[in-house]
Structures are given as structure tokens and as C-alpha cells.
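Quick notes on the structure that follows.
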Ligand SMILES: [Zn+2]
């Protein structure tokens, strides 16, 4: 597109490579040519397959970007105005209606990373943002700097609308971001044991009302396997992954849902916005573990790796974090929003559990702790309790200690049972056992591998056969 335009205006250079090299040097002759308004006949755009109406503005923005110094991430960015070339005569030639701003971001290898073509909104009375959760830097990139912001609804009103008219309630599990979009992230933040516990627990509490899950694509099959294990039919029809969540309606009437983990977009998205907004921040890196900083294949020869937690450094690090948070929130909020999509329809309500704190706070009604994954000895004590509807600490200890070389302490059984009571699934009767010992019994079903601390829900189930 750019080279077609360079040829059309008979610029000093006509290939992309030469153009990039000379633009970096800031050649005046080239600058004059690309910044001059050139007459162009509509036929050029119609007949030339390489032609594009944005070509003049993009060429100018690319020149301006490359001839200005790079930021700390070695990106160049600049903006050029684009007056819409209309192929028909129109009366409204007011630039406020027909002008856009074209911004480009180019990396150190002269690759165009990003192009924004945003309308001039100076004449707009209002801009309404629908169903989107941009960070403020992203918002400004898309609508400009000079709009006054007014909230249409208070946070309280939005929350009440969501809960009472839309019928969507959201419970957040734990308070970590839990990205799982890359192999590294899955290894460190997915935690399959905890996910398995949540799935078993939801099925225990909600039975067939729970069958719909959203998980990152890298773990989707593993999650389907867990769902199969708790006898959810056709689990491959009842999962979605992050990234395909937009505009899908299959979960809209499901009463219960589970969204686990988030995905990260990679740094490029953040770095492009930083460059376009002229913000000063760089990704936080550490020395490569494999080569200690001298450069190897795993770190691409740079000697550096992205630090855990994906933080940023520099004066505008907080803005960079805001962009990343906004992007994560956008995906997670969209995922949570797959449920309860029939506002006002009688009886359609959804309760969605979301295991990442990247969801926007305004969507969250309650936060509960990370799930309890039973350890081996805890599991043995709980299994014993399942088989013996009333038991004492001593009986349990003696009943399970032969399974472990190191034995089992009575105190550890006590701790396990105490935790069950705190989770709302067991009770203790004082002095009713042999020799005046306390007896313990389960009052609700306990999932196989762990438990989620939500005593109100756990107790809600009437005492059932714990087996
Ligand atoms: Zn290395």
C-alpha cells in the first residue's frame, strides 16, 4: 500500500526498505514529498489493486514515526490526519465529520506493529461505550483526549441492574490473576488440582444445574476430562475458551457457571499503546535462568527473560499496568458475561464462579478463598469419616495410621475435622463417644478431592447420605 503510493507520487524512493532507511535519516526531500497534498483521481483507488484510501496518511505517519527517535522499547510512533477521500461529491466537507487520525507504531525492524484509524470526535455530542472495559490509555487512544467523561449510572445502580434485572451474580475464588495462556503460565498458575476441586464441588452442590465452563484453550481438554469425571454429559459441548467468548449465547440460560484463569495478550499490545500514547515504561525483565545473562537460545540471545508477574518499570509503569489489567479484565468480563443474557426474562438467573481476580470489581458480589485440596492424610481421615458416620479422633487415627509409614498424629486428624466444620460440612458432638470423647460426623456431601470454603452453600444441602 505504501509503495503503491510512493510510486504514484513519484517519491525519491519507491521500495519499502529504501523508504524506511531514508525516513530514519530524516531526508528532507522525502519529507516534503510525503507531506504535500497530492491530487489523486478516484480511478487510482479503483483501478490499482495495491491502492488504499488510507495510503497517503499511513505513508505520512510512517515517515514521521521513523524520522523521530524511538522509545525505550525501540518503537516509533506518529499520527497523521486523514481527510476521507470520498469518491462522490458531498456537501458535508466539514473536517469534523470527515477527518480521522491515523496512528502507526513501528518496531526496530521496520515492521508496522499497529495502525489505528480513529474518527475525529470533536463534533460528537456524546460517545457511548457499550459492553467494553477499556483502560483509560486505550480509551484515549480510540476517542481522543478532549472528551469530558460522565457516568450514566453509578456503580451501585449498575450493580443492582446486573443482580436484579439481568440476574447475574458473581463469586470470585481467590485473589490472583492466574494467567494460563502460555506453556509457562499454565505450569505456574493453572493448578489443575484446584480446578478439579472446584468442578467436583460445583457438581456436588448444584448437581445437573452445573455443566458450563470457560477455560483457556491450552487447558480446555484437561478441564473437559475433569468434567467427564463428575459425569457431565458431552463436556466438549459445554466448554468455551478465552478468545472465542464474544457474542456466543449457548450459556445464556445456564443457572451455574465457572470461569477459570485468564489469558495474557503478550507484551506487544501494551508496548504499542505505550508508544502511541508517548508513555515511558518497559517490561520488567530478569537475567535468563539458563545462561545467566550471557545469551542463549531460550532467551533469544538477549540474556533476559520476562520477570514473573509481568510487571513494568519506568515513570509510566502504572499506566502500563493499567493497560494490561484493562485487557485482562476485558476478556474475563466478556467470559463472565456469557451467562444470564436474557435481562428481564422471568426465572433466568445465573451464578458464575470466576477463579481469577482479573474480573472487574464491579462485577463481583463476593470473594471466597482458594479451594482446599486435601493432602494424603487429610484425604484418609475424611474417607474414614465417610465410611463411619460417627467417629472420634482416636478411632480415626487408629483406623488410618497403618496406611502411612510416618503414622498419623491425633492432632492432625483434629485439624482436618475442624476445617471440615469451618467449611460447613461436618459437626462435632461433645462427649457423646466412648470414654466421653467428642464425636464427629459429616452433615453434607464432601467432594472427592477437596472443598471450597463457602459454608452457606455447603450447609444449604440438607444432610444427606455422606457416601
Ligand atoms: Zn539465556
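The values are calculated or read from the model by the stated rules, or taken from the named source; none is laboratory data. Nothing here was measured: the structure is a model prediction, and the numbers come from that model. Here Cβ is always computed from backbone atoms with ideal geometry, including for glycine, and neighbour counts include all displayed protein chains.
If you go through region 220-241 one residue at a time, do you hit one that is under 18 Å from residue 325 (Cα atoms) and either in a helix (DSSP H, G or I) or touching a strand residue (DSSP E or B) at 6+ places or on another chain (Cβ under 9 Å) (or both)?
There is no residue in region 220-241 that is under 18 Å from residue 325 (Cα atoms) and either in a helix (DSSP H, G or I) or touching a strand residue (DSSP E or B) at 6+ places or on another chain (Cβ under 9 Å) (or both).
Every residue in region 126-155 that is at pLDDT below 80 and closer than 18 Å to residue 274 by Cβ, please.
134, 144, 145, listed by residue number.
Does residue 282 satisfy being within 19 Å of residue 328 (Cα to Cα) and more than 7 Å from the ligand (Cβ to nearest atom)?
Yes, satisfied.
Can you find a residue that is away from the ligand (no atom under 16 Å from the Cβ), over 21 Å from residue 107 (Cα atoms) and out of contact with any helix residue (DSSP H, G or I) (no Cβ under 9 Å at 6 or more places or on another chain) anywhere in region 287-301?
no
Taking only pairs six or more apart or across chains, which ones have beta-carbon atoms under 8 Å, a first residue in region 282-298 that is at pLDDT below 85, and a second residue that is in a loop (DSSP other than H, G, I, E, B) and near the ligand (Cβ under 7 Å from one of its atoms)?
As it stands, the answer is 298/288; 298/290; 298/291, since those pairs meet every condition given.
Pick out, from region 363-467, the helices (runs of 4 or more DSSP H) lying fully within it that include 1 or more residues that are at pLDDT 95 or above.
The helices (runs of 4 or more DSSP H) meeting that bar are 376-387, 393-400, 410-422.
Quick one: is residue 251 assigned to a loop (DSSP other than H, G, I, E, B) and assigned by TED's automatic domain parsing to the domain that holds residue 167?
Considered against the rule, which asks whether it is assigned to a loop (DSSP other than H, G, I, E, B) and assigned by TED's automatic domain parsing to the domain that holds residue 167, residue 251 comes out as yes.
Among the residues of region 302-331, count how many are within 16 Å of the ligand (Cβ to nearest atom) and either part of a strand (DSSP E or B) or touching a strand residue (DSSP E or B) at 6+ places or on another chain (Cβ under 7 Å) (or both).
Residues that pass the stated criteria total 5.
Quick test for you: out of 245, 220, pick the one residue that is more than 16 Å from the ligand (Cβ to nearest atom), buried (at least 16 other Cβ atoms within 10 Å of the Cβ), farther than 30 Å from residue 69 by Cα and modelled with pLDDT under 90.
Criteria check complete, one pass: 245.
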